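Asker: Attaching a single structure in structure tokens format; questions to follow.
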Amino acid sequence: MDPETVALRRWLVVLALGVAAFSQPAAAERPAVDVERGQKLYAGRCAVCHGADGDGRGPVAASMDPPPRDFTKGQFRVRSTRPGDPPSDDDLFQTLSRGLAGTPMPAWAGLSEADRWALVDVVKSFSPRFAGPKPVVLAIPDPPDLSASAVLRGRAAFRRFGCADCHGEGGRGDGPSARGLTDASGRPLRPYDMTTARPKRGNAPEDVFVAVQSGIEGTPMPGYAAVLNATDTWDLVAFVRSLGSSPAVAAAPVSSAASYAAAARDVGTAN
Ligand code: HEC
Ligand code: HEC
């Protein structure tokens, strides 16, 4: 067997033992972490995709779409912090616990909380960005009534604030500026179709609120914290969530062993 197949097989065993998808735990108290344990877990569960050095070049990464994050760049999609600030520890913990919807990044809720916190520190260790001042977490005011009138206002705001330029008026990812967008490494990137898929970080109103306010690092989507007040943002949340309200979207797994198995098959056939 070539090394890639060996890595893949070993990985599938790990996956069968370790991953429980779908659960969305609340923010946890941060315990003291066991550094060695974190490194061992990283080597066993994460390096196959993210690379032993955190550079996103693990043995099965080559044909993965989207590719595993390169942690050395220090850019993260899921943040609840001011635009420009790195993610909080809690953001990384939530990402590990929930996975990223619609991508090969699995949910790691099957690992104990202590293990997940240890992994948060390993992820941070790959980038000097985390050595700076503590990030400022954005406030999320209580959601107002996200009723039909909020959806209507949100539809207008989606146009007015330029969201539709990229996302398209109906949120299908087909706006006039969508073509030619790239991620931070120059790889082509399109906004996802909001009528068939759900946001990577989750579809709770608070998740969508904070994604819009904070922005999606590593992509052309800016953070709107300085531009949008809470009312406009909640209207946009109501509109975006109304697009993805079909039962199919609601039932889509956040990220699961199955999504990884499909990705792994692709890698297998690509080689
Ligand atoms: C099957 C491959 C795979 C495995 C295994 C995997 N990841 Fe990922 N991970 C990904 C992919 C792909 C992305 C990027 C998804 C995207 O661009 O939206 C990602 C993204 C991430 C991110 C970035 C989130 C953000 O906000 O941008 C973190 C943090 C992360 N993974 C941590 C881990 C840790 C820790 C482990 C091990 C416990 C792990 N991953 C295991 C594929 C994997
Ligand atoms: C310059 C183009 C651009 C503009 C303008 C833009 N977006 Fe985005 N947006 C994107 C891209 C690209 C992604 C997908 C990022 C990825 O692949 O992870 C995205 C992702 C999102 C997500 C999903 C977040 C997640 O968790 O996956 C939401 C919600 C969203 N945008 C809402 C908005 C709203 C509301 C506005 C206007 C206030 C807006 N966007 C403006 C390009 C844009």
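The values are calculated or read from the model by the stated rules, or taken from the named source; none is laboratory data. Computed from a predicted model, the values in this text were never measured in an experiment. Please note: Cβ atoms are built from the backbone with ideal geometry, for glycine as well, and neighbour counts cover all protein chains shown.
Asker: Looking at the structure I just gave you, is PHE130 surrounded by fewer than 20 Cβ atoms within 10 Å (Cβ to Cβ) and more than 13 Å from ligand 1 (Cβ to nearest atom)? Don't jump to the end; show me each part of the working.
Answerer: Values: surrounded by fewer than 20 Cβ atoms within 10 Å (Cβ to Cβ): yes; more than 13 Å from ligand 1 (Cβ to nearest atom): no.
Taking the combined requirement at face value, the residue does not satisfy it.
Asker: All but one of (1) free of Cβ contacts under 8 Å to residues at least 40 places away in the same chain; (2) over 26 Å from LYS73 (Cβ atoms); (3) among the polar types (S, T, N, Q) hold for THR182, so report the exception by its number.
Answerer: Exception for THR182: condition (2).
Asker: Just checking, how many residues over the range 200-218 are more than 11 Å from ARG98 (Cβ to Cβ), near ligand 2 (Cβ under 8 Å from one of its atoms) and surrounded by 23 or more Cβ atoms within 10 Å (Cβ to Cβ)?
Answerer: Qualifying residue count for the region: 3.
Asker: Let me ask something additional. Would you check if there is a residue in the range 225-246 being among the aliphatic types (A, V, I, L, M) and within 15 Å of the chain's Cα centre (by Cα)?
Answerer: Residues of the range 225-246 that are among the aliphatic types (A, V, I, L, M), as a first pass: 225-228, 230, 236-238, 240, 243.
In the following step, the residues that additionally are within 15 Å of the chain's Cα centre (by Cα) were identified as none.
No, the conditions are met nowhere in the range 225-246.
Asker: Right, next: What is the number of the single condition among (1) touching a Phe, Trp or Tyr at 6+ places or on another chain (Cβ under 8 Å); (2) of a type outside the set (Asp, Glu); (3) within 8 Å of ligand 2 (Cβ to nearest atom) that LEU189 does not meet?
Answerer: LEU189 satisfies all of (1) touching a Phe, Trp or Tyr at 6+ places or on another chain (Cβ under 8 Å); (2) of a type outside the set (Asp, Glu); (3) within 8 Å of ligand 2 (Cβ to nearest atom) except (1).
Asker: Which one is surrounded by the most Cβ atoms within 10 Å (Cβ to Cβ) among residues in the range 42-56 that are assigned to a loop (DSSP other than H, G, I, E, B) and more than 9 Å from ligand 1 (Cβ to nearest atom)? Before the answer, list the steps.
Answerer: We begin by selecting, within the range 42-56, every residue assigned to a loop (DSSP other than H, G, I, E, B); these are 51-56.
When the remaining residues are screened for being more than 9 Å from ligand 1 (Cβ to nearest atom), the result is 51-55.
Numbers: GLY51: 20, ALA52: 13, ASP53: 13, GLY54: 23, ASP55: 16.
Filtering first and then ranking leaves GLY54.
Asker: How about the range 57-96: which of its residues are of a type in the set (Asp, Glu), out of contact with any strand residue (DSSP E or B) (no Cβ under 9 Å at 6 or more places or on another chain) and buried (at least 19 other Cβ atoms within 10 Å of the Cβ)? Before the answer, list the steps.
Answerer: Here is the first cut: in the range 57-96, the ones of a type in the set (Asp, Glu) are 65, 70, 85, 89-91.
With out of contact with any strand residue (DSSP E or B) (no Cβ under 9 Å at 6 or more places or on another chain) added as a condition, the list becomes 65, 70, 89.
Matches in the range 57-96: ASP70 only.
Asker: Check whether at least one residue in the range 39-55 is modelled with pLDDT of 55 or more, in contact with a Ser or Thr (Cβ under 6 Å, 6 or more places away or on another chain), more than 19 Å from LYS200 (Cα to Cα) and away from ligand 2 (no atom under 16 Å from the Cβ), and report yes or no.
Answerer: First, the residues of the range 39-55 that are modelled with pLDDT of 55 or more: 39-55.
Now restrict to residues that are in contact with a Ser or Thr (Cβ under 6 Å, 6 or more places away or on another chain): 54-55.
Add one more test, that the residue is more than 19 Å from LYS200 (Cα to Cα), and what stays is 54-55.
Checking the rest, the ones that are also away from ligand 2 (no atom under 16 Å from the Cβ) come to 54-55.
Yes, because at least one residue in the range 39-55 is modelled with pLDDT of 55 or more, in contact with a Ser or Thr (Cβ under 6 Å, 6 or more places away or on another chain), more than 19 Å from LYS200 (Cα to Cα) and away from ligand 2 (no atom under 16 Å from the Cβ).
Asker: If you don't mind, another one. Would you check if ALA178 is small (Gly, Ala, Ser) and within 22 Å of GLY99 (Cβ to Cβ)?
Answerer: Details: small (Gly, Ala, Ser): yes; within 22 Å of GLY99 (Cβ to Cβ): no.
So ALA178 fails the test.
Asker: Follow-up. Return only the number of the condition from (1) more than 10 Å from ligand 2 (Cβ to nearest atom); (2) within 19 Å of the chain's Cα centre (by Cα); (3) within 22 Å of VAL208 (Cβ to Cβ); (4) surrounded by fewer than 19 Cβ atoms within 10 Å (Cβ to Cβ) that GLY173 does not satisfy.
Answerer: Just one mismatch for GLY173, condition (1).
Asker: Also, I was wondering about something else. Considering only the range 225-237, I want to know if a residue exists there that is farther than 16 Å from PHE158 by Cα, in a loop (DSSP other than H, G, I, E, B) and either touching a residue at least 40 places away in the same chain (Cβ under 8 Å) or within 15 Å of ligand 1 (Cβ to nearest atom) (or both). I'd like the intermediate steps shown before the answer.
Answerer: As a first pass, look at the range 225-237 and keep what is farther than 16 Å from PHE158 by Cα: 226.
Within this subset, residues satisfying the condition of being in a loop (DSSP other than H, G, I, E, B) are 226.
Checking the rest, the ones that are also either touching a residue at least 40 places away in the same chain (Cβ under 8 Å) or within 15 Å of ligand 1 (Cβ to nearest atom) (or both) come to 226.
Scanning the range 225-237, I find at least one residue that is farther than 16 Å from PHE158 by Cα, in a loop (DSSP other than H, G, I, E, B) and either touching a residue at least 40 places away in the same chain (Cβ under 8 Å) or within 15 Å of ligand 1 (Cβ to nearest atom) (or both), so the answer is yes.
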